[in-house]
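The values are calculated or read from the model by the stated rules, or taken from the named source; none is laboratory data. Note that the coordinates shown come from a computational prediction; the quantities given were computed from them, not determined experimentally. Cβ placement follows ideal geometry from the backbone for every residue including glycine, while neighbour counts extend to all protein chains displayed.
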Amino acid sequence: MDSTIELAVRLSAAAVIFAAMALWEVLRPKRALTVGRARRWPSNFGIVVVDALLVRLLIPTAAVGAALLASGNGWGLINLLGLRLSIAALIGFLALDLVIYAQHVIFHKVPWLWRLHRMHHADLDIDVSTGLRFHPFEILISMLIKIGVIIALGIPVVAVLLFEVVLNATSLFNHSNVAMPAWLDRVLRLFLVTPDMHRVHHSVLGQEHNSNFGFNLPWWDWLFRTYRAEPQAGHAGMTIGLPIFRDPQELRLDRLLTQPFRDDRPPKP
Ligand SMILES: [Zn+2]
Ligand SMILES: [Zn+2]
C-alpha cells in the first residue's frame, strides 16, 4: 500500500474523532477543567508535530511498512502457520493490543522508561488533547517495539493498518472529558476502554495510576488484575496529574520535552 494513502486514512480518521470528541466535551463535559484548554492545547498539539516529524524522519516505513516487508518475504510465525487472512488478522490485532498493554505496564515499572512516560501523566487536566500528549522518545521506542512484533509474528498489513487507526481513535476517545450515561459506560466497558475507565489511570494517587493500563480492549486489565473500576475520590473529586510537575509553567512545550531529564524544580522566572 502507498504510504501516502496510509497516512491520509490515519490522519482523516484521527481528525474526525478529535472533532467529535472535542464537540462532545463542550456540550457535555464530565469535569470542570482546572487549567483549561488555552494553556494546554498549544503544547499538546506542539508535541504531536514534534512526534510526527521525528517518527516519520527516523522511521519512514513505520508499522505498515514493517507488515508489508514481513508479508512480502513470508517472515513471522503467522506466515509460517499459513492461517486464513481473517484469522491471521484477528490474532495479529489481539497480539498488538496485548503488546501495547504490556509495554504500558513496563513504561510504568522501569525507572528510565517512566521518566519518558510520566510526561503523559503530568497533564494537569485530562481531555481529548491528552490522548496526543506523548514524549517523542516514547513514541519512537513504542514504534520500534511494534515493528519488532509485526515482523516476528508476520502480522498482516490489514490488521496493522486497522490497529493503528483504532489505537489513534481510542486514545482520543478514552482521554476525553465527556459525560456519558452510566449504562452506556457499563456496556462499552465490556469491550472498550472508556473515558471513565482511563481517567482512573491519570489519578495523582500511585495505586490508581498503576491500574487500567489498557488502551483499546479492557480485557488485559481484568486478566492481569490491574483493573480498577472507579477513583477513590470520585470522578469530580479526583486530582489529575502527578505529585511532581504541578506548576502550570510545566505545561509549556519546552518543559514537556525536558521533563524526562529533570527532577521537579521550579522553572526559572
Ligand atoms: Zn500510563
Ligand atoms: Zn492516558
Which pairs have Cβ atoms under 7 Å, sit 6 or more apart or on different chains, and link a residue in segment 124-143 that is under 15 Å from Lys30 (Cβ atoms) to one that is assigned to a loop (DSSP other than H, G, I, E, B) and more than 16 Å from ligand 1 (Cβ to nearest atom)?
Asp125/Leu33; Asp125/Thr34; Asp125/Val35; Ile126/Asn177; Asp127/Leu33; Asp127/Ser176; Asp127/Asn177; Val128/Ser176
Would a scan of segment 109-118 turn up a residue that is farther than 17 Å from Val48 by Cα, modelled with pLDDT of 95 or more, within 16 Å of ligand 2 (Cβ to nearest atom) and part of a loop (DSSP other than H, G, I, E, B)?
no
Ile106 - would you say it is within 16 Å of ligand 1 (Cβ to nearest atom) and without any contact (Cβ under 8 Å) to a residue 60 or more places away in the chain?
yes
Considering only residues that are in contact with a Ser or Thr (Cβ under 9 Å, 6 or more places away or on another chain) and surrounded by fewer than 15 Cβ atoms within 10 Å (Cβ to Cβ), look in segment 226-238 and name the one that is farthest from Ser211 (Cα to Cα).
Ala233
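Quick check on Leu83: is it outside any helix (DSSP H, G or I), surrounded by 15 or more Cβ atoms within 10 Å (Cβ to Cβ) and without any contact (Cβ under 8 Å) to a residue 12 or more places away in the chain?
In short, yes.
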Leu124 vs. criteria more than 13 Å from ligand 2 (Cβ to nearest atom), among the hydrophobic types (A, V, I, L, M, F, W, C) and either at pLDDT below 95 or touching a helix residue (DSSP H, G or I) at 6+ places or on another chain (Cβ under 7 Å) (or both):
yes
